[in-house]
Amino acid sequence: MPALDVPDNDVIDRAAGLAPGDALHTARRFRAKVVEATQASHDALLEQPVEGLSTADRLRVALHVSTLAGANSLAQHYEARLGADVARDALPSAALPAMLDFAAALTTDPRAGDRAAIEALRRAGLGDPAIVALAQLVAFLSYQLRVVAGLNAMRASRGGKP
Amino acid sequence: MIRRNGFTDETLEWRSWLEPLRIADASPLQLEVLDESHAQSRTSPYYLTLAHQPLMLRHRSAAYNAIMYAPGGLPRAERELGAMVVSVTNGCVYCTSVHAQRFEQLAKRSDTVEQVFDDPASAGTSERERAIARFAIAVTRRPKELGADDIAPLRAVGMNDEEIIDLLHAVAIFGWANRLMQNLGEPADATIS
């Protein structure tokens, strides 16, 4: 369990430029359980072993989604994680194009989802537990990038002071 | 009972496009996570689908429950208003039905629900509700462009940093919840299923 007062361990703090002692950093800790569960979600979504879904491919999905959404600080985070991943040089899964298509559609328009998109993932070789993991990751990213964007807006409303 | 624009506050069922976990096949960890996620999750196709990844579900549920139910901060009815506006904006009929009901239970009225179903952008029976609804739409539709102008109306109706963060969390986590509900299955009329 990462210590909550170490900014380097919290992805949202880092992406929003918050450090211990900042008013917004303190205000986030009013909901310490949310901070903790958000970071634990990030870690589990990337690192829990899932058959057919490598951590490197999950990082590629996360990088694609955050780039597509214009969440630059998160895109940098996922790019750095991918660069440090032990399996970064291994070939991506043959299912990666289908995963990226699913992720892009889900990110830009949640209405885009239909049964055909699930069938495309199954045809690409993903089992139901891998599809659940992928959908959770992509849906989480939509949450994460909105929390970061909101914190950035709050900082702007304080004249730039975090 | 309210039915407008394809949305309703009636109870709906949800059908999974994946194979939900069979409770007889569940591991001790899966049972534990189901029970800590929601009171009815052992019979819910949604939770049984997500239970294929129990640790991912565990942390999602911890975040969700703290965001929507923790005491203090933004009144719970206002968190539900944010959740309902996001769900209408994203076209999630199932999520909308659940959170319209929760709003009605907490606020003890349904006038705002009718307004949100008609047009979330102008919905709200007070300046504060209108500010909440507009912020929820802005975060949902254009996260990249959010700025000080989106925060000012919340401050103008008296919200402090903690309440704004509560609202931001409630709105953002429906970006998460709606996408699962809309992409892993579909609503089904309770009377049909």
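What the table shows:
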quantity	calculated
Some residue of the range B:116-137 being over 17 Å from A:R155 (Cβ atoms), outside any helix (DSSP H, G or I) and of a type in the set (K, R)	no
Long-range neighbours under 9 Å by Cβ, at least six apart or interchain, first residue among the acidic types (D, E) within the range B:119-140, second in a helix (DSSP H, G or I)	B:E127/B:P153; B:E127/B:A156; B:E129/B:E78; B:E129/B:L81; B:E129/B:T112; B:E129/B:Q115
Yes/no for A:E47 being out of contact with any Pro (no Cβ under 7 Å at 6 or more places or on another chain), surrounded by fewer than 20 Cβ atoms within 10 Å (Cβ to Cβ), within 22 Å of B:Y69 (Cβ to Cβ) and of a type outside the set (A, V, I, L, M)	no
Residues located in the range A:47-73, provided they are assigned to a loop (DSSP other than H, G, I, E, B) and of a type in the set (G, A, S)	A:G52, A:S54, A:A69, A:G70, A:A71
Given (1) surrounded by fewer than 24 Cβ atoms within 10 Å (Cβ to Cβ); (2) out of contact with any helix residue (DSSP H, G or I) (no Cβ under 6 Å at 6 or more places or on another chain); (3) farther than 23 Å from B:Y94 by Cβ; (4) not charged (D, E, K, R), index of the condition A:I118 fails	(3)
Residue within the range B:16-32 that is within 30 Å of B:L167 (Cβ to Cβ) and among the aliphatic types (A, V, I, L, M) present	no
Pairs, first within 8 Å of chain A (Cβ to nearest Cβ) in the range B:58-70, second at pLDDT 95 or above and surrounded by fewer than 23 Cβ atoms within 10 Å (Cβ to Cβ), C-beta under 6 Å, six or more apart	B:H59/A:A37; B:H59/A:A40; B:H59/A:A44; B:A62/A:A37; B:A63/A:A37; B:A66/A:K33
Residue among B:R102, B:R79 that alone is assigned to a helix (DSSP H, G or I) and touching a residue at least 40 places away in the same chain (Cβ under 8 Å)	B:R79
The range B:137-146: number of residues that are crowded, with 16+ Cβ neighbours inside 10 Å and facing another protein chain (nearest Cβ under 7 Å)	3
Near pairs, Cβ below 9 angstrom, 6+ apart or cross-chain, from the range A:133-151 (over 17 Å from B:Y64 (Cβ atoms)) to any residue that is surrounded by 24 or more Cβ atoms within 10 Å (Cβ to Cβ) and of a type in the set (S, T, Y)	A:L145/A:S66
Residue list for the range B:112-136, restricted to those being within 14 Å of chain A (Cβ to nearest Cβ), within 11 Å of B:V85 (Cβ to Cβ) and buried (at least 20 other Cβ atoms within 10 Å of the Cβ)	B:I132, B:F135, B:A136
Number of the condition not met by B:L29 [criteria: (1) buried (at least 18 other Cβ atoms within 10 Å of the Cβ); (2) under 20 Å from A:A130 (Cα atoms)]	(1)
Hey, B:A172 assigned to a helix (DSSP H, G or I) and not assigned by TED's automatic domain parsing to the domain that holds B:H59 or not	yes
Filter result for B:D118 (more than 22 Å from B:Q182 (Cβ to Cβ) and among the acidic types (D, E))	no
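Every residue, every condition in (1) modelled with pLDDT of 95 or more; (2) within 12 Å of chain A (Cβ to nearest Cβ); (3) within 22 Å of A:T38 (Cβ to Cβ); (4) surrounded by fewer than 23 Cβ atoms within 10 Å (Cβ to Cβ), yes or no:
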position: B:G73; (1), (2), (3), (4): yes, yes, yes, yes
position: B:V85; (1), (2), (3), (4): yes, no, yes, no
position: B:Q101; (1), (2), (3), (4): yes, no, no, yes
position: B:A107; (1), (2), (3), (4): yes, no, no, yes
position: B:N160; (1), (2), (3), (4): yes, yes, yes, yes
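The values are calculated or read from the model by the stated rules, or taken from the named source; none is laboratory data. Not measured: the values here are computed from a predicted model. Positions of Cβ are generated from backbone atoms using ideal geometry, with glycine treated the same way; all protein chains shown enter the neighbour counts.
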